[in-house]
Amino acid sequence: MAKYFLTTPIYYVNASPHIGHMYTGIAADVLARHYRAQGRDVLLSTGVDENSQKNVEAAEKQHMPVQQYVDAMADTWKKAFDDMDITYDTFFRTTSEEHKSAVQAMIAAMQAKGDIYLGDYTGYYCVGCEEFKAEKDLIEGKCPTHKTEPNIIKEKNYFFKLSNYRDHLLKWYEDFPNAVQPTSARNKMLSYITDEMEDISISRQSQAWGIRFPKDEEHAVYVWFDALINYLTVTGYPNNGYEKWWPVDVHLIGKDIIKFHCAIWPAMLLSAGLDLPNTIFAHGFFTVNGEKISKSLGNAIDPMQLVQQYSKDVLRYYVLREIPFGSDGDFSFDRLRQRYNGELANGLGNLVSRTLAMVEKYQVVIENPEEISQQGQEMIKKVGGYIEKFSFDKALAEVWIFIAHLDDVIDSAKPWELAKEGKTEDIARVLTEVVQGIAAIGKALHALLPDTSQSIRELVVAQPIKKPSQPLFARKD
Ligand code: MSP
(Lines give C-alpha, C1' and ligand atoms only; values in the text may rest on other atoms or scores of the structure.)
Protein backbone atom coordinates (compact mmCIF):
# COMPACT_ATOMS: atom_id res chain seq x y z
CA MET A 1 0.00 0.00 0.00
CA ALA A 2 1.58 3.29 -1.09
CA LYS A 3 2.20 5.76 1.70
CA TYR A 4 1.08 9.37 1.76
CA PHE A 5 2.80 11.64 4.26
CA LEU A 6 1.43 15.13 4.64
CA THR A 7 2.07 17.84 7.14
CA THR A 8 0.67 21.12 8.41
CA PRO A 9 2.90 23.74 9.97
CA ILE A 10 3.34 23.45 13.70
CA TYR A 11 1.73 26.36 15.49
CA TYR A 12 3.08 28.83 18.03
CA VAL A 13 1.13 28.45 21.24
CA ASN A 14 1.24 32.09 22.35
CA ALA A 15 -2.54 32.35 21.79
CA SER A 16 -5.47 30.10 20.90
CA PRO A 17 -6.09 28.92 17.35
CA HIS A 18 -8.04 31.13 14.97
CA ILE A 19 -9.71 30.43 11.69
CA GLY A 20 -6.50 30.92 9.68
CA HIS A 21 -4.85 28.04 11.54
CA MET A 22 -7.84 25.75 11.19
CA TYR A 23 -7.83 26.43 7.47
CA THR A 24 -4.62 24.44 6.89
CA GLY A 25 -5.87 21.73 9.22
CA ILE A 26 -9.16 21.41 7.33
CA ALA A 27 -7.41 21.24 3.94
CA ALA A 28 -4.97 18.65 5.26
CA ASP A 29 -7.85 16.64 6.69
CA VAL A 30 -9.61 16.60 3.30
CA LEU A 31 -6.48 15.23 1.63
CA ALA A 32 -5.91 12.68 4.39
CA ARG A 33 -9.49 11.38 4.24
CA HIS A 34 -9.39 11.30 0.46
CA TYR A 35 -6.20 9.26 0.25
CA ARG A 36 -7.20 6.96 3.11
CA ALA A 37 -10.40 6.15 1.23
CA GLN A 38 -8.21 5.20 -1.73
CA GLY A 39 -6.40 2.72 0.47
CA ARG A 40 -3.18 4.73 0.89
CA ASP A 41 -1.29 4.43 4.15
CA VAL A 42 -1.60 8.03 5.38
CA LEU A 43 0.46 9.91 7.94
CA LEU A 44 -0.98 13.35 8.67
CA SER A 45 1.15 15.26 11.08
CA THR A 46 0.30 18.49 12.86
CA GLY A 47 1.28 19.96 16.20
CA VAL A 48 2.81 22.86 18.09
CA ASP A 49 6.00 24.89 17.90
CA GLU A 50 6.97 25.35 21.53
CA ASN A 51 10.58 26.53 21.65
CA SER A 52 9.71 30.05 20.57
CA GLN A 53 10.53 33.27 22.37
CA LYS A 54 6.93 34.32 21.66
CA ASN A 55 5.77 31.51 23.92
CA VAL A 56 8.20 32.66 26.63
CA GLU A 57 6.75 36.17 26.48
CA ALA A 58 3.18 34.83 26.57
CA ALA A 59 4.02 32.67 29.61
CA GLU A 60 5.54 35.68 31.38
CA LYS A 61 2.35 37.67 30.82
CA GLN A 62 0.39 34.85 32.45
CA HIS A 63 2.97 34.62 35.28
CA MET A 64 3.45 30.96 34.49
CA PRO A 65 6.62 28.85 34.14
CA VAL A 66 7.19 28.37 30.40
CA GLN A 67 6.97 24.58 30.45
CA GLN A 68 3.71 24.68 32.37
CA TYR A 69 2.37 27.26 29.93
CA VAL A 70 3.28 25.30 26.80
CA ASP A 71 1.88 22.09 28.33
CA ALA A 72 -1.47 23.79 28.91
CA MET A 73 -1.51 25.45 25.50
CA ALA A 74 -0.52 22.26 23.68
CA ASP A 75 -3.67 20.71 25.21
CA THR A 76 -5.76 23.66 24.06
CA TRP A 77 -4.51 23.33 20.49
CA LYS A 78 -4.91 19.58 20.42
CA LYS A 79 -8.46 19.92 21.69
CA ALA A 80 -9.24 22.48 18.98
CA PHE A 81 -8.08 20.05 16.30
CA ASP A 82 -10.00 17.21 17.95
CA ASP A 83 -13.14 19.32 18.20
CA MET A 84 -12.88 20.04 14.49
CA ASP A 85 -12.42 16.30 13.75
CA ILE A 86 -9.13 16.93 12.01
CA THR A 87 -7.95 13.35 11.58
CA TYR A 88 -4.27 13.86 12.34
CA ASP A 89 -2.15 10.79 13.01
CA THR A 90 0.43 12.56 15.15
CA PHE A 91 0.13 15.74 17.20
CA PHE A 92 3.71 16.86 17.43
CA ARG A 93 5.34 18.78 20.30
CA THR A 94 8.82 20.26 19.88
CA THR A 95 9.57 20.00 23.60
CA SER A 96 9.54 16.20 23.32
CA GLU A 97 12.75 14.26 24.05
CA GLU A 98 12.78 12.47 20.70
CA HIS A 99 12.69 15.83 18.94
CA LYS A 100 15.79 17.04 20.78
CA SER A 101 17.66 13.94 19.59
CA ALA A 102 16.47 14.38 16.00
CA VAL A 103 17.52 18.05 15.92
CA GLN A 104 20.94 17.19 17.28
CA ALA A 105 21.34 14.34 14.78
CA MET A 106 20.44 16.66 11.93
CA ILE A 107 22.92 19.29 13.10
CA ALA A 108 25.59 16.60 13.40
CA ALA A 109 24.92 15.48 9.81
CA MET A 110 25.18 19.07 8.57
CA GLN A 111 28.35 19.66 10.59
CA ALA A 112 29.88 16.53 9.10
CA LYS A 113 29.20 18.01 5.68
CA GLY A 114 31.10 21.15 6.74
CA ASP A 115 28.04 23.38 6.40
CA ILE A 116 27.97 24.95 9.88
CA TYR A 117 30.34 27.63 11.20
CA LEU A 118 30.55 30.06 14.11
CA GLY A 119 30.32 33.75 13.25
CA ASP A 120 29.06 37.13 14.49
CA TYR A 121 25.53 38.30 13.97
CA THR A 122 24.63 41.95 14.13
CA GLY A 123 21.22 43.03 12.98
CA TYR A 124 17.49 43.06 13.58
CA TYR A 125 15.29 40.31 14.98
CA CYS A 126 11.48 40.34 15.05
CA VAL A 127 10.21 38.07 17.83
CA GLY A 128 6.71 38.18 16.28
CA CYS A 129 8.09 36.56 13.11
CA GLU A 130 10.90 34.74 14.94
CA GLU A 131 13.04 35.94 12.08
CA PHE A 132 16.22 37.91 11.44
CA LYS A 133 15.39 40.98 9.34
CA ALA A 134 17.34 43.10 6.91
CA GLU A 135 16.93 46.89 6.85
CA LYS A 136 14.99 46.63 3.59
CA ASP A 137 12.41 44.27 5.17
CA LEU A 138 11.27 47.04 7.54
CA ILE A 139 8.82 49.84 6.86
CA GLU A 140 9.59 53.00 8.81
CA GLY A 141 11.82 50.88 11.02
CA LYS A 142 9.01 48.45 11.88
CA CYS A 143 8.13 44.88 10.93
CA PRO A 144 5.34 45.22 8.35
CA THR A 145 3.49 42.16 9.72
CA HIS A 146 3.61 42.91 13.41
CA LYS A 147 3.92 46.70 13.27
CA THR A 148 6.58 46.57 15.97
CA GLU A 149 10.21 47.64 16.07
CA PRO A 150 12.55 44.65 15.89
CA ASN A 151 15.22 44.00 18.52
CA ILE A 152 18.81 44.85 17.65
CA ILE A 153 21.03 41.86 18.22
CA LYS A 154 24.80 41.57 18.39
CA GLU A 155 25.97 38.11 19.34
CA LYS A 156 27.97 35.01 18.35
CA ASN A 157 25.82 32.64 16.29
CA TYR A 158 26.25 29.40 14.44
CA PHE A 159 25.56 29.84 10.73
CA PHE A 160 24.37 27.45 8.04
CA LYS A 161 26.06 27.81 4.65
CA LEU A 162 22.76 28.22 2.87
CA SER A 163 24.37 30.10 0.00
CA ASN A 164 26.25 26.89 -0.94
CA TYR A 165 22.94 25.40 -2.04
CA ARG A 166 21.82 28.09 -4.47
CA ASP A 167 22.61 26.12 -7.64
CA HIS A 168 21.31 22.85 -6.28
CA LEU A 169 18.04 24.45 -5.24
CA LEU A 170 17.59 26.18 -8.58
CA LYS A 171 18.16 22.84 -10.31
CA TRP A 172 15.51 21.24 -8.10
CA TYR A 173 13.05 23.98 -9.04
CA GLU A 174 13.84 23.41 -12.69
CA ASP A 175 13.62 19.62 -12.54
CA PHE A 176 10.41 19.59 -10.51
CA PRO A 177 8.27 22.49 -11.70
CA ASN A 178 5.35 21.37 -9.49
CA ALA A 179 7.37 20.96 -6.31
CA VAL A 180 6.53 24.46 -5.07
CA GLN A 181 2.94 25.57 -5.68
CA PRO A 182 1.16 27.78 -6.55
CA THR A 183 3.16 29.59 -9.25
CA SER A 184 3.16 32.84 -7.27
CA ALA A 185 5.05 31.13 -4.43
CA ARG A 186 7.40 29.39 -6.85
CA ASN A 187 8.27 32.66 -8.61
CA LYS A 188 8.88 34.51 -5.35
CA MET A 189 11.19 31.76 -4.18
CA LEU A 190 13.09 31.58 -7.46
CA SER A 191 13.88 35.26 -7.17
CA TYR A 192 14.76 34.97 -3.46
CA ILE A 193 17.10 32.04 -4.10
CA THR A 194 18.70 33.73 -7.10
CA ASP A 195 19.14 37.24 -5.70
CA GLU A 196 18.85 37.33 -1.93
CA MET A 197 19.64 34.06 -0.24
CA GLU A 198 22.54 34.32 2.20
CA ASP A 199 23.90 32.12 4.97
CA ILE A 200 21.56 32.12 7.97
CA SER A 201 22.07 32.15 11.69
CA ILE A 202 20.81 28.93 13.27
CA SER A 203 21.49 29.57 16.95
CA ARG A 204 20.72 32.21 19.56
CA GLN A 205 23.37 32.95 22.14
CA SER A 206 22.38 33.05 25.83
CA GLN A 207 18.77 32.12 25.13
CA ALA A 208 17.63 29.92 27.96
CA TRP A 209 14.46 28.46 26.40
CA GLY A 210 14.98 26.11 23.47
CA ILE A 211 16.93 23.07 22.37
CA ARG A 212 20.65 23.26 23.28
CA PHE A 213 23.11 23.48 20.42
CA PRO A 214 25.23 20.29 20.37
CA LYS A 215 28.51 20.74 22.25
CA ASP A 216 27.76 24.41 22.96
CA GLU A 217 25.22 24.62 25.76
CA GLU A 218 25.26 28.40 25.82
CA HIS A 219 23.41 28.52 22.51
CA ALA A 220 19.81 27.56 21.81
CA VAL A 221 19.02 26.18 18.37
CA TYR A 222 17.20 28.85 16.32
CA VAL A 223 13.50 28.09 16.69
CA TRP A 224 12.75 27.84 12.97
CA PHE A 225 15.64 25.46 12.44
CA ASP A 226 14.29 23.25 15.21
CA ALA A 227 10.68 23.58 14.05
CA LEU A 228 11.32 22.45 10.48
CA ILE A 229 12.98 19.30 11.73
CA ASN A 230 9.66 18.23 13.32
CA TYR A 231 8.74 16.80 9.93
CA LEU A 232 11.63 14.38 10.24
CA THR A 233 11.17 13.58 13.91
CA VAL A 234 7.62 12.30 13.36
CA THR A 235 8.95 9.63 11.02
CA GLY A 236 11.28 8.32 13.70
CA TYR A 237 14.46 9.96 12.32
CA PRO A 238 17.32 9.30 12.96
CA ASN A 239 16.29 5.79 13.99
CA ASN A 240 15.75 3.00 11.48
CA GLY A 241 12.29 2.93 10.01
CA TYR A 242 11.92 6.61 9.17
CA GLU A 243 12.56 5.68 5.52
CA LYS A 244 9.08 4.16 5.44
CA TRP A 245 7.61 7.67 5.37
CA TRP A 246 10.40 9.75 3.91
CA PRO A 247 10.24 11.90 1.80
CA VAL A 248 7.23 14.07 2.59
CA ASP A 249 4.49 13.91 -0.04
CA VAL A 250 2.94 17.28 0.75
CA HIS A 251 3.80 20.12 3.07
CA LEU A 252 0.80 22.43 3.41
CA ILE A 253 1.83 25.87 4.61
CA GLY A 254 0.70 29.49 4.61
CA LYS A 255 2.28 31.90 2.17
CA ASP A 256 4.13 33.82 4.91
CA ILE A 257 6.41 30.88 5.62
CA ILE A 258 7.54 29.93 2.11
CA LYS A 259 11.12 31.10 2.56
CA PHE A 260 11.58 28.64 5.43
CA HIS A 261 9.89 25.74 3.67
CA CYS A 262 10.83 26.26 0.04
CA ALA A 263 14.46 27.41 0.39
CA ILE A 264 15.93 26.87 3.86
CA TRP A 265 14.32 23.49 4.56
CA PRO A 266 15.22 21.85 1.23
CA ALA A 267 18.78 23.15 1.64
CA MET A 268 18.95 21.65 5.14
CA LEU A 269 17.79 18.32 3.71
CA LEU A 270 20.36 18.48 0.91
CA SER A 271 23.06 19.19 3.47
CA ALA A 272 22.01 16.21 5.59
CA GLY A 273 21.78 13.98 2.50
CA LEU A 274 18.00 13.49 2.74
CA ASP A 275 15.41 13.46 -0.05
CA LEU A 276 13.40 16.59 -0.75
CA PRO A 277 9.61 16.82 -0.40
CA ASN A 278 7.47 16.04 -3.44
CA THR A 279 5.20 19.06 -3.07
CA ILE A 280 5.03 22.18 -0.95
CA PHE A 281 1.75 24.05 -1.33
CA ALA A 282 1.35 27.55 0.10
CA HIS A 283 -2.20 28.76 0.71
CA GLY A 284 -3.27 32.38 1.06
CA PHE A 285 -4.48 34.38 4.03
CA PHE A 286 -7.85 34.96 5.51
CA THR A 287 -8.19 38.66 5.99
CA VAL A 288 -10.67 40.94 7.74
CA ASN A 289 -11.07 44.22 5.90
CA GLY A 290 -7.99 43.34 3.89
CA GLU A 291 -5.77 42.83 6.98
CA LYS A 292 -4.39 39.34 7.74
CA ILE A 293 -6.29 37.69 10.58
CA SER A 294 -3.79 37.34 13.35
CA LYS A 295 -3.59 37.02 17.09
CA SER A 296 -1.14 39.90 17.33
CA LEU A 297 -3.40 42.27 15.38
CA GLY A 298 -6.38 41.34 17.54
CA ASN A 299 -8.80 40.53 14.71
CA ALA A 300 -8.89 36.76 15.25
CA ILE A 301 -12.06 34.78 14.54
CA ASP A 302 -12.71 31.84 16.83
CA PRO A 303 -13.51 28.75 14.75
CA MET A 304 -15.38 27.07 17.61
CA GLN A 305 -17.82 29.93 17.86
CA LEU A 306 -18.73 29.36 14.22
CA VAL A 307 -19.01 25.64 14.81
CA GLN A 308 -21.45 26.26 17.65
CA GLN A 309 -23.48 28.67 15.56
CA TYR A 310 -23.48 26.48 12.46
CA SER A 311 -21.53 23.20 12.40
CA LYS A 312 -18.12 21.78 11.55
CA ASP A 313 -19.17 20.98 8.01
CA VAL A 314 -20.55 24.48 7.45
CA LEU A 315 -17.23 25.97 8.49
CA ARG A 316 -15.39 23.50 6.25
CA TYR A 317 -17.72 24.31 3.37
CA TYR A 318 -17.24 28.03 3.74
CA VAL A 319 -13.46 28.08 3.99
CA LEU A 320 -12.95 25.56 1.20
CA ARG A 321 -15.58 26.97 -1.16
CA GLU A 322 -15.14 30.70 -0.68
CA ILE A 323 -11.46 31.13 -1.47
CA PRO A 324 -9.41 29.20 -4.01
CA PHE A 325 -6.64 27.46 -2.05
CA GLY A 326 -3.57 29.56 -2.79
CA SER A 327 -5.38 32.94 -2.93
CA ASP A 328 -6.19 35.45 -0.20
CA GLY A 329 -9.74 36.27 0.72
CA ASP A 330 -11.76 38.28 3.17
CA PHE A 331 -13.64 36.41 5.88
CA SER A 332 -17.19 37.68 5.92
CA PHE A 333 -20.01 36.59 8.21
CA ASP A 334 -22.51 37.84 5.61
CA ARG A 335 -20.98 35.73 2.87
CA LEU A 336 -20.96 32.75 5.20
CA ARG A 337 -24.70 33.21 5.92
CA GLN A 338 -25.44 33.69 2.21
CA ARG A 339 -23.61 30.56 1.20
CA TYR A 340 -25.20 28.66 4.07
CA ASN A 341 -28.75 29.62 3.16
CA GLY A 342 -28.28 29.53 -0.59
CA GLU A 343 -26.06 26.54 -1.16
CA LEU A 344 -26.38 24.35 1.91
CA ALA A 345 -29.95 24.92 3.17
CA ASN A 346 -31.71 25.68 -0.15
CA GLY A 347 -29.33 23.75 -2.38
CA LEU A 348 -28.26 20.43 -0.93
CA GLY A 349 -30.58 20.40 2.10
CA ASN A 350 -33.70 21.13 0.09
CA LEU A 351 -32.87 18.58 -2.62
CA VAL A 352 -32.51 15.85 0.00
CA SER A 353 -35.67 16.81 1.94
CA ARG A 354 -37.94 17.14 -1.03
CA THR A 355 -36.69 13.97 -2.71
CA LEU A 356 -37.01 11.83 0.37
CA ALA A 357 -40.39 13.38 1.21
CA MET A 358 -41.64 12.28 -2.23
CA VAL A 359 -40.20 8.80 -1.83
CA GLU A 360 -42.12 8.52 1.43
CA LYS A 361 -45.31 10.09 0.10
CA TYR A 362 -45.50 7.99 -3.07
CA GLN A 363 -44.28 4.91 -1.19
CA VAL A 364 -41.51 4.19 -3.64
CA VAL A 365 -39.20 1.31 -2.85
CA ILE A 366 -35.68 2.24 -3.98
CA GLU A 367 -34.07 -1.06 -4.92
CA ASN A 368 -30.40 -0.12 -5.04
CA PRO A 369 -30.00 3.28 -3.42
CA GLU A 370 -26.22 3.11 -3.49
CA GLU A 371 -25.86 2.13 -7.12
CA ILE A 372 -24.07 4.95 -8.83
CA SER A 373 -24.89 6.04 -12.36
CA GLN A 374 -22.28 6.76 -15.01
CA GLN A 375 -22.87 10.48 -14.52
CA GLY A 376 -22.52 10.14 -10.75
CA GLN A 377 -19.27 8.27 -11.16
CA GLU A 378 -17.89 10.92 -13.46
CA MET A 379 -18.79 13.61 -10.94
CA ILE A 380 -17.06 11.68 -8.11
CA LYS A 381 -13.97 11.25 -10.26
CA LYS A 382 -13.81 14.96 -11.10
CA VAL A 383 -14.22 15.87 -7.43
CA GLY A 384 -11.34 13.55 -6.49
CA GLY A 385 -9.18 15.00 -9.25
CA TYR A 386 -9.75 18.52 -7.97
CA ILE A 387 -8.97 17.47 -4.39
CA GLU A 388 -5.68 16.00 -5.57
CA LYS A 389 -4.86 19.30 -7.25
CA PHE A 390 -5.70 21.26 -4.06
CA SER A 391 -8.65 22.90 -5.89
CA PHE A 392 -11.10 22.35 -3.07
CA ASP A 393 -13.37 25.18 -4.25
CA LYS A 394 -13.72 23.53 -7.67
CA ALA A 395 -14.31 20.13 -6.07
CA LEU A 396 -17.27 21.55 -4.15
CA ALA A 397 -18.51 23.52 -7.15
CA GLU A 398 -18.61 20.26 -9.12
CA VAL A 399 -20.87 18.66 -6.50
CA TRP A 400 -23.18 21.67 -6.63
CA ILE A 401 -23.42 21.41 -10.42
CA PHE A 402 -24.67 17.88 -9.87
CA ILE A 403 -27.15 19.10 -7.25
CA ALA A 404 -28.55 21.55 -9.81
CA HIS A 405 -28.76 18.72 -12.34
CA LEU A 406 -30.77 16.54 -9.93
CA ASP A 407 -33.07 19.47 -9.18
CA ASP A 408 -33.64 19.74 -12.93
CA VAL A 409 -34.43 16.05 -13.20
CA ILE A 410 -37.18 16.49 -10.59
CA ASP A 411 -38.49 19.76 -11.99
CA SER A 412 -38.79 18.48 -15.53
CA ALA A 413 -40.28 15.08 -14.62
CA LYS A 414 -42.69 16.65 -12.05
CA PRO A 415 -43.44 13.54 -9.96
CA TRP A 416 -46.49 15.32 -8.43
CA GLU A 417 -48.05 15.49 -11.93
CA LEU A 418 -47.13 11.88 -12.61
CA ALA A 419 -48.91 10.98 -9.37
CA LYS A 420 -52.09 12.64 -10.55
CA GLU A 421 -51.88 10.52 -13.71
CA GLY A 422 -51.19 7.37 -11.66
CA LYS A 423 -47.83 6.76 -13.39
CA THR A 424 -46.23 4.96 -10.47
CA GLU A 425 -43.49 3.30 -12.51
CA ASP A 426 -42.35 6.63 -13.89
CA ILE A 427 -42.31 8.10 -10.37
CA ALA A 428 -40.19 5.19 -9.17
CA ARG A 429 -37.77 5.60 -12.07
CA VAL A 430 -37.29 9.34 -11.53
CA LEU A 431 -36.98 9.13 -7.76
CA THR A 432 -34.59 6.19 -7.98
CA GLU A 433 -32.35 8.23 -10.27
CA VAL A 434 -32.42 11.16 -7.87
CA VAL A 435 -31.90 9.09 -4.71
CA GLN A 436 -28.95 7.35 -6.34
CA GLY A 437 -27.66 10.77 -7.34
CA ILE A 438 -27.94 11.92 -3.73
CA ALA A 439 -26.03 8.82 -2.65
CA ALA A 440 -23.33 9.74 -5.18
CA ILE A 441 -23.20 13.22 -3.64
CA GLY A 442 -22.77 11.63 -0.22
CA LYS A 443 -19.83 9.66 -1.59
CA ALA A 444 -18.29 12.68 -3.32
CA LEU A 445 -18.47 14.65 -0.06
CA HIS A 446 -16.77 11.93 1.99
CA ALA A 447 -13.50 13.85 2.47
CA LEU A 448 -14.85 17.38 2.08
CA LEU A 449 -17.89 17.36 4.40
CA PRO A 450 -17.60 14.12 6.38
CA ASP A 451 -20.59 14.58 8.70
CA THR A 452 -22.91 15.51 5.85
CA SER A 453 -21.64 12.59 3.82
CA GLN A 454 -22.42 10.25 6.71
CA SER A 455 -25.92 11.72 7.26
CA ILE A 456 -26.73 11.34 3.57
CA ARG A 457 -25.59 7.76 3.61
CA GLU A 458 -27.79 6.95 6.62
CA LEU A 459 -30.80 8.60 4.99
CA VAL A 460 -30.56 6.77 1.68
CA VAL A 461 -29.81 3.30 2.98
CA ALA A 462 -32.65 3.42 5.55
CA GLN A 463 -35.56 1.12 4.70
CA PRO A 464 -38.10 2.42 4.07
CA ILE A 465 -36.62 5.76 3.07
CA LYS A 466 -38.26 8.63 4.96
CA LYS A 467 -38.15 12.40 4.88
CA PRO A 468 -35.41 13.48 7.36
CA SER A 469 -36.87 14.37 10.75
CA GLN A 470 -34.67 17.47 10.70
CA PRO A 471 -33.33 19.23 7.62
CA LEU A 472 -29.64 18.69 6.90
CA PHE A 473 -29.20 22.47 7.08
CA ALA A 474 -32.01 24.54 8.61
CA ARG A 475 -32.30 28.02 7.09
CA LYS A 476 -30.94 30.85 9.25
CA ASP A 477 -32.26 34.35 8.63
N1 MSP B 1 5.56 28.05 14.01
C2 MSP B 1 5.61 28.55 12.69
C3 MSP B 1 5.52 27.43 11.69
C4 MSP B 1 6.59 26.38 11.82
S5 MSP B 1 6.38 25.08 10.70
C6 MSP B 1 7.79 24.20 10.78
C7 MSP B 1 4.44 29.51 12.45
N8 MSP B 1 3.43 29.40 13.30
S9 MSP B 1 2.11 30.31 13.28
O10 MSP B 1 1.30 29.83 14.36
O11 MSP B 1 2.47 31.70 13.32
O12 MSP B 1 1.44 30.11 11.90
C13 MSP B 1 1.13 28.84 11.46
C14 MSP B 1 0.38 28.83 10.14
O15 MSP B 1 -0.83 29.55 10.25
C16 MSP B 1 1.16 29.46 9.00
O17 MSP B 1 1.09 28.58 7.89
C18 MSP B 1 0.41 30.72 8.69
O19 MSP B 1 0.47 31.04 7.34
C20 MSP B 1 -1.00 30.29 9.07
N21 MSP B 1 -1.83 31.45 9.30
C22 MSP B 1 -1.75 32.35 10.31
N23 MSP B 1 -2.67 33.35 10.08
C24 MSP B 1 -3.34 33.08 8.92
C25 MSP B 1 -4.43 33.67 8.25
N26 MSP B 1 -4.97 34.79 8.66
N27 MSP B 1 -4.91 33.03 7.16
C28 MSP B 1 -4.42 31.83 6.73
N29 MSP B 1 -3.41 31.24 7.35
C30 MSP B 1 -2.76 31.90 8.36
O31 MSP B 1 4.50 30.29 11.52
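Do we have any residue at all in the range 341-354 that's open to solvent by less than 50 Å² (accessible area, probe 1.4 Å) and under 16 Å from ILE19 (Cβ atoms)? No - not one qualifying residue is present in the range 341-354. Looking at the range 17-33, is at least one residue of a type outside the set (Asp, Glu), modelled with pLDDT under 95 and not in a helix (DSSP H, G or I)? Yes, that holds for at least one residue. Considering the range 426-443, the residues that are open to solvent by 10 Å² or more (accessible area, probe 1.4 Å) and either free of Cβ contacts under 8 Å to residues at least 60 places away in the same chain or touching a Gly at 6+ places or on another chain (Cβ under 9 Å) (or both) include one that is farthest from MET379 (Cα to Cα), namely ASP426.
Where strands (runs of 3 or more DSSP E) fall entirely within the range 63-143, those with at least 1 residues that are more than 25 Å from the chain's Cα centre (by Cα) are at 116-126, 131-133. Quick check on the range 197-211: of everything there that is in contact with a helix residue (DSSP H, G or I) (Cβ under 8 Å, 6 or more places away or on another chain) and farther than 13 Å from TYR125 by Cβ, which residue is most open to solvent (accessible area, probe 1.4 Å)? Within the range 197-211, the match that is most open to solvent (accessible area, probe 1.4 Å) is GLU198.
Filtering VAL30, VAL48 for residues that are touching a residue at least 40 places away in the same chain (Cβ under 8 Å) and within 14 Å of the ligand (Cβ to nearest atom) leaves a single hit, VAL48.
Do we have GLN62 as open to solvent by 20 Å² or more (accessible area, probe 1.4 Å), in contact (Cβ under 8 Å) with a residue 12 or more places away in the chain and either within 15 Å of the ligand (Cβ to nearest atom) or farther than 25 Å from LYS382 by Cβ (or both) here?
Against the criterion (open to solvent by 20 Å² or more (accessible area, probe 1.4 Å), in contact (Cβ under 8 Å) with a residue 12 or more places away in the chain and either within 15 Å of the ligand (Cβ to nearest atom) or farther than 25 Å from LYS382 by Cβ (or both)), GLN62 does not qualify.
Exactly one residue out of LEU276, LEU252 is crowded, with 23+ Cβ neighbours inside 10 Å, within 16 Å of the ligand (Cβ to nearest atom) and at negative phi: that is LEU252. Inspect all residues belonging to the range 395-416 and state whether any of them is polar (S, T, N, Q), in a helix (DSSP H, G or I) and open to solvent by 20 Å² or more (accessible area, probe 1.4 Å). Checked against the condition, which is being polar (S, T, N, Q), in a helix (DSSP H, G or I) and open to solvent by 20 Å² or more (accessible area, probe 1.4 Å), the range 395-416 yields at least one hit.
The values are calculated or read from the model by the stated rules, or taken from the named source; none is laboratory data. Not measured: the values here are computed from a predicted model. We place every Cβ from the backbone using ideal geometry, glycine too, and count neighbours over all the protein chains shown. All accessible areas refer to the heavy atoms of the entire protein, side chains included, with ligands and DNA or RNA removed. Shrake-Rupley method; radii C 1.70, N 1.55, O 1.52, S 1.80 Å.
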